1. Under 5 Å between amide hydrogens, which residues at least 5 positions from S90 or on another chain qualify, with H placed 1.01 Å from N in the peptide plane?
2. Considering only Y569, F141, L422, whose Cα is most displaced toward the positive end of the charge dipole of the chain, charges sitting on Cβ of Lys, Arg (+1) and Asp, Glu (-1)?
3. So what's the angle, to the nearest 10 degrees on a 0 to 90 scale, between helix 573-592 and the longest Cα principal axis of the chain?
4. Which whole-Hz couplings ³J(HN,Hα) result when phi for each residue of the stretch 440-445 is put into the Karplus expression 6.51 cos²θ - 1.76 cosθ + 1.60, θ = phi - 60°, listed in order with x for Gly and Pro?
5. Among rounded, prolate and oblate, which fits the chain when a ≥ b ≥ c are the square roots of the eigenvalues of its C-alpha gyration tensor, a/c under 1.5 means rounded, and a/b larger than b/c means prolate?
6. Could you give each residue of the stretch 135-146 its phi-based ³J(HN,Hα) in whole Hz, using Karplus coefficients 6.51, -1.76, 1.60 with θ = phi - 60°, and x for Gly or Pro?
7. Return the aspartates and glutamates within reach of K447: Cα separation strictly under 15 angstrom, same-chain partners fewer than 8 residues apart disregarded; answer none if there are no such residues.
8. Against the longest alpha carbon principal axis of the chain, how many degrees, from 0 to 90 and to the nearest 10, is the axis of helix 353-364 turned?
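All of the numbers you see were taken from the coordinates with simple rules; none came from a lab. Quick caveat: nothing in here was measured; it's all calculated off a predicted structure. For neighbour counting, all protein chains shown are included, and Cβ atoms are generated from backbone atoms with ideal geometry for every residue, glycine included.
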Amino acid sequence: MCGIVAAVADRNIIPVLLEGLRKLEYRGYDSAGLALINASGLQRLRSVGRVAELTAQADGSQVSGHVGIAHTRWATHGIPSERNAHPHISEGLAVVHNGIIENHEALRARLKAAGYEFTSETDTEVVAHLIAYELKTTPDFLAAVCKAIKQLHGAYAIAVLREADPGRVVVAREGSPLLLGLTDDGCYAASDASALLQVTRRMVYLENGDCAELTRDGYRITRIDGTPVDRAESESQLSADAVELGHYRHYMQKEIFEQPVALANTLEMLGTAHSIQPGLFGAASEETLKDVRQVLIIACGTSYHAGLVARYWLESIAGIPCSVEVASEYRYRDSVPDPATLLVTISQSGETADTLAALHHAKTLGMLRTLCICNVPESSLVRENSLRFITRAGPEIGVASTKAFTTQLAALYLLTLVLAKLRGRLDERAEATELNALRHLPIAVTKILEIEPEIREWSEQFSMKQHALFLGRGRHYPIAMEGALKLKEISYIHAEAYPAGELKHGPLALVDRDMPVIAVAPNDALIEKLKSNLQEVRARGGELYVFADADSEMQESDGIHVLHLPEHYGALSALLHVVPLQLLAYHVALVRGTDVDKPRNLAKSVTVE
């Protein structure tokens with residue numbers, strides 16, 4: 001949440017800062033601002049709303065400079081307003097900040113007593129005044145920043161510039177991502193590599209507790225206690241084209257239609273292999289996985305739904321007990337740790353604060369067999385797990401996750417097969433069948449995308465609705481949950497998901513002609529049970545929208561609308577059935593005129609608790 005860009009270079013860095021913010025706007029879009037140092041001294045521009053507003057302001061004022069910091073905000077402390085927008089200024093220095101300072105109230109009281117006046121409601125302004133205060137007794141810029149942040153409790157990534165040090169920017173991180181970008185003409189920093197692809201692919205990823213000083217000639221990194229450290233330089237595998245919208249109307253639409261390629265890339269390592277190897281999850285995976293007694297999956301939001309689907313696979317195919325926890329709840333309850341548990345964390349960004357905190361908590365309990373499934377190879381989550389699987393979905397910009405979810409499911413299915421094989425539950429014939437099914441997934445998803453015109457017609461009927469009910473059974477119940485989440489995220493229609501068998505235990509009371517009911521209806525062992533549940537809806541006047549398999553023999557009739565998916569896909573059908581639900585949410589949002597890629601109150605990468 002929130003995005004930072006900083007630069008010190010032999011060029012006018014204003015276009016770089018603004019373009020970087022535009023790339024980071026998925027992280028927050030309540031307000032935006034920048035500060036720079038030029039011949040006129042320290043200048044600041046701030047605006048409420050999108051980066052486009054800040055860009056227009058910058059164009060109108062014709063500002064320029066070689067040293068600057070910029071920020072796009074997702075509000076935590078204080079409403080979206082110009083006075084709460086970053087950067088915040090104190091005694092000739094400016095600060096931008098991602099994260100939450102948990103002890104900001106105590107620091108604010110102390111700084112007020114020292115004579116500092118606060119003009120915002122933010123925790124970030126505390127950081128600005130605190131650094132200014134430390135500079136009174138510690139004149140070295142980097143040392144003063146380190147001294148100040150030692151006093152901060154919580155998560156942060158910060159960038160600071162100072163009028164008295166016009167050739168330097170100081171950055172630091174603890175819990176929120178921050179990286180450096182290197183060029184021949186200067187040094188840059190950002191929350192995400194996508195912001196810097198416009199100028200470089202040479203990156204240095206900072207670790208928690210790192211502080212860095214950037215100049216036109218390079219950088220130096222120290223730990224918070226001042227100890228110098230080296231961090232490896234790497235070349236980002238992202239391309240600038242990968243984060244461009246292209247001919248699509250929205251990033252969400254682009255990412256839905258990228259799913260066949262994303263799945264092909266994620267499963268590319270299977271190639272023409274005749275067997276599934278544990279090494280897919282890391283060199284030490286066979287040793288780690290062979291005597292695992294149970295699996296614990298920890299995740300948030302859409303990734304949590306992926307974990308719920310995987311529970312069905314792991315228990316039915318691999319024959320191993322599995323539990324799934326919401327990351328934000330796990331570390332705040334008493335649990336019973338087992339060192340023989342495989343702890344699986346799932347995150348698109350790899351920077352999800354609650355998931356990282358849950359991982360740290362589990363490790364303190366002695367659960368050291370850790371595996372992450374993540375889309376960002378350079379992320380904190382990848383670095384902090386002993387085993388890892390990179391999904392290779394490519395950049396996902398739309399707030400509502402799509403291709404990250406389906407590639408997570410593909411990775412979790414591979415994990416299921418590896419564990420099944422290690423436990424003697426996958427013979428050669430079954431293994432060959434599963435490999436063929438996985439290789440066919442990109443083609444199967446491509447076929448599903450072809451029914452978009454029919455889904456677009458359905459979306460017109462949803463445009464005036466305020467509530468919707470999603471139903472599924474077995475491993476398709478989490479898919480119904482994901483469909484409901486997508487609809488409410490981007491169309492603002494209140495949507496809930498239930499196991500279809502639970503209708504009679506309460507939700508049926510809500511059903512009438514104004515409550516559309518969306519059913520996920522694969523042709524599996526529960527299809528007849530599901531048909532009975534759907535009749536219960538129809539008998540109460542409810543209108544049904546059913547996503548069925550081609551061979552399910554479900555027919556349209558009065559009040560029952562049926563879309564047949566091209567083929568039945570067995571255990572992997574959950575992965576296919578989510579695609580039309582994504583399309584439905586997208587087209588309903590279009591009809592309702594909402595901001596598809598940047599829904600209100602939400603941000604893509606949840607890097608605060």
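1. Excluding prolines and chain starts, which carry no amide H, there are no hits.
2. Comparing the listed Cα positions along the dipole, F141 ranks first.
3. On a 0 to 90 degree scale, this one is about 60.
4. Working through the residues one at a time gives 7, 3, x, 5, 4, 5 Hz.
5. Cα axes put the chain in the prolate bin.
6. 5, 5, 10, 10, x, 5, 4, 4, 5, 5, 5, 4
7. List returned: E258, D549, E567.
8. The two axes meet at around 80 degrees.
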